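Engineer: Below you will find the structure I want to go over with you.
Nothing in this text is a laboratory measurement; each read-out follows from the coordinates by a stated rule. Only a predicted model underlies this, so the values are computations on that prediction, with no experimental measurement involved. So basically every Cβ, Gly included, is an ideal-geometry build from the backbone, and we count neighbours across all protein chains shown.
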Amino acid sequence: MELGIKYRGRVATTEDVELINNLMMSYPADSRRALSVKYCKSTNWVQANGNLRDMVARGFMLSLYRAGFINLPQKKYNTNNPLAKPKKPVEIIIDETPIEAELKDTQLEFIQVRRSPQEKLFNSLVEKYHYLGYTQPVGEHLKYMVFSGNRPLACIAFSSAPRHIGPRDKFIGWNINERKQNINLICYNIRFLILPWVHVSCLASCVLGKIAKIISNDWQKIYNHPVYYIETFVDKNLFAGTCYKAANFIYLGDTKGLGKDSKNKIQNRTIKAIYGYPLKKSFRKVLTGDKS
């Protein structure tokens with residue numbers, strides 16, 4: 001039976017409560033972390049790459065504890081969560097000599113820098129030169145840098161997509177269950193930066209077009225599943241979305257400007273244009289689970 005508690009898309013049931021209570025009785029000396037690992041193994045709660053979702057499970061168990069459905073062991077120690085008070089990336093000084101060239105005369109190299117020594121350079125450049133600065137992505141994500149020779153030209157990053165975006169969900173045509181099942185098969189362009197001293201005509205749309213050809217395979221290599229669709233949001237007060245339009249991204253509508261902390265559905269964020277780009281012709285069939 002459902003308990004009216006939902007955490008990160010998982011609905012709590014009386015069976016969850018019974019399982020957690022049984023685990024605590026069977027392993028009374030276990031910490032919260034150890035219990036969350038056993039819970040994930042018992043329920044096969046894993047990421048697409050097979051890793052246990054034990055960190056999310058601890059949040060799920062804490063929600064049940066706060067609602068009074070279960071007890072939990074006392075915390076043995078407070079972990080140092082780097083996301084709670086994130087440190088700014090260390091600034092890396094690079095050559096800012098202006099680059100002015102035509103795209104046809106510029107040799108471009110695309111490097112996926114996630115989990116590589118160059119990731120620190122990516123973080124530094126985004127923190128210093130992107131108007132939003134750098135924020136550590138949560139969940140699945142990839143980071144790319146575009147070089148010409150040894151000079152970086154651009155940075156672009158993608159992460160797990162937001163769970164619910166009305167115009168996008170309508171465009172895909174999936175229902176709630178299909179969205180929950182397949183949301184990991186789409187990704188969200190969270191940062192895009194052309195370095196301010198780089199003046200190469202049509203570079204931004206070229207980068208988007210190239211990334212669209214390689215990102216699904218790269219996602220497969222790291223997370224053991226492809227992606228079929230890219231989405232992004234463009235602040236309408238600041239940008240016209242020209243490079244996305246030039247790269248054949250589809251304008252789907254606007255956000256409502258409601259952040260997570262919005263009360264009574266009162267706008268507390270800037271309105272953003274929603275753009276989407278299907279990576280495969282069969283994207284709707286895959287994302288809706290159509291087996292016909």
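Engineer: Can you classify the stretch 57-177 as rounded, prolate or oblate using the Cα gyration tensor, where a ≥ b ≥ c are the square roots of its eigenvalues, rounded means a/c under 1.5, and otherwise it's prolate if a/b beats b/c and oblate if not?
Structural biologist: Values: a/c = 3.47, a/b = 1.69, b/c = 2.05.
Oblate, because a/c is 1.5 or more while a/b does not exceed b/c.
Engineer: Counting other Cβ atoms within 10 Å of each Cβ, which chymotrypsin sites (Phe, Trp or Tyr not before Pro) in the stretch 166-210 have at most 15 and sit in a DSSP loop?
Structural biologist: Trp197
Engineer: Around Met61, what is the net charge, scoring Lys/Arg as +1 and Asp/Glu as -1 over all other residues with Cβ under 9 Å from its Cβ? Mind showing how you got there, number by number?
Structural biologist: Details: positive: Arg32, Arg58; negative: Asp16.
After counting each charged neighbour, the total is +1.
Engineer: Taking 4 °C and 1.567 mPa s as the conditions, I'd like the Stokes-Einstein D for the stretch 2-66 in µm²/s, using the Kirkwood hydrodynamic radius from alpha carbon pairs. Mind showing how you got there, number by number?
Structural biologist: Numbers: Rh = 11.9 Å.
In µm²/s, the coefficient rounds to 109.
Engineer: Relative to the longest principal axis of the C-alpha atoms of the chain, give the angle of the C-alpha long axis of helix 14-26, reported between 0 and 90° and rounded to the nearest 10°.
Structural biologist: So the helix axis and the longest Cα principal axis differ by about 70 degrees.
Engineer: Counting other beta carbons within 10 Å of each residue's own, what order do Phe60, Phe147 fall into, fewest first? Walk me through the numbers before you get to the answer.
Structural biologist: Working: Phe60 23, Phe147 15.
Starting with the residue having the fewest Cβ neighbours, the order is Phe147, Phe60.
Engineer: As I understand it, the dipole of the stretch 99-287 uses +1 on the Cβ of Lys and Arg and -1 on the Cβ of Asp and Glu, about the Cα centre. Which of Trp197, Tyr131, Asn237 lies farthest toward its positive end?
Structural biologist: So the residue we want is Asn237.
Engineer: Based on Cβ point charges of +1 for Lys and Arg and -1 for Asp and Glu, what charge dipole magnitude is obtained for the stretch 2-66 about its Cα centre, in debye rounded to the nearest 20?
Structural biologist: Rounded to the nearest 20 debye, it is 300 debye.
Engineer: For the residues Val17, Val227, what sequence is obtained by ranking on other C-beta atoms within 10 Å, fewest first?
Structural biologist: The most exposed by this proxy come first: Val17, Val227.
Engineer: Using only DSSP helix segments of four residues or longer, with each worth -39500 (n - 2.57), what per-residue ellipticity at 222 nm results for the chain after dividing by its residue count and rounding to 500? Can you show the working numbers first?
Structural biologist: On the way: 9 runs with 94 residues, N = 292.
Counting only the DSSP helices, I get -9500 deg cm²/dmol.
Engineer: Near Phe122, within a Cβ-to-Cβ distance under 10 Å, what is the net charge of the other residues, with Lys and Arg +1 and Asp and Glu -1? The partial results should precede the final answer.
Structural biologist: On the way: positive: Arg114, Lys120, Lys143, Arg191; negative: Glu119, Glu127.
Within the 10 Å Cβ shell, the charges total +2.
Engineer: So what's the angle, to the nearest 10 degrees on a 0 to 90 scale, between helix 54-66 and the longest Cα principal axis of the chain?
Structural biologist: On a 0 to 90 degree scale, this one is about 50.
Engineer: Still on this model: Take the alpha-carbon centre of the stretch 214-229, take the same for the stretch 1-58, and report the distance between them in whole Å.
Structural biologist: 28
Engineer: About the Cα centre, and with charges only on the beta carbon of Lys, Arg (+1) and Asp, Glu (-1), how big is the dipole of the chain? Nearest 20 debye, please.
Structural biologist: Working: 44 positive and 24 negative charges, 155 e Å.
That gives the chain a dipole magnitude of about 740 debye.
Engineer: Among Arg10, Arg151, which comes first, then next, by fewest other beta-carbon atoms within 10 Å?
Structural biologist: On the way: Arg10 18, Arg151 15.
By the 10 Å Cβ count, ascending: Arg151, Arg10.
Engineer: Let me ask you something else. All other residues with a Cβ under 14 Å from the Cβ of Tyr134 taken together, and with Lys, Arg as +1 and Asp, Glu as -1, what is their net charge? Please report the intermediate quantities before stating the final value.
Structural biologist: On the way: positive: Lys87, Lys88, Arg114, Lys120, Lys128, Lys143, Arg191; negative: Glu91, Glu119, Glu127.
So the environment of Tyr134 carries a net charge of +4.
Engineer: What list of ³J(HN,Hα) couplings, whole Hz, do you get for the stretch 168-181 from phi and the Karplus terms 6.51, -1.76, 1.60, once you set θ to phi - 60° and write x for glycine and proline?
Structural biologist: So the Karplus estimates, Gly and Pro as x, are 5, 5, 5, 5, 5, x, 8, 8, 4, 5, 5, 5, 4, 6 Hz.
Engineer: If the viscosity is 0.692 mPa s and the temperature 37 °C, what Stokes-Einstein diffusion coefficient in µm²/s follows for the stretch 185-292 when Rh is the Kirkwood radius over Cα pairs? Mind showing how you got there, number by number?
Structural biologist: On the way: Rh = 15.7 Å.
Diffusion coefficient, whole number: 209 µm²/s.
Engineer: Taking the dipole about the Cα centre of the chain, with the C-beta of Lys and Arg at +1 and of Asp and Glu at -1, give me whichever of Ile250, Tyr223, Ala57 is farthest to the positive side.
Structural biologist: Ala57
Engineer: Now for a different question. Using the alpha carbons of the stretch 110-229, what is the convex hull volume per residue in cubic angstrom, as a whole number? Don't skip to the end; give the middle numbers.
Structural biologist: On the way: hull volume 14.3 nm³, N = 120.
About 119 Å³ per residue, rounded to a whole number.
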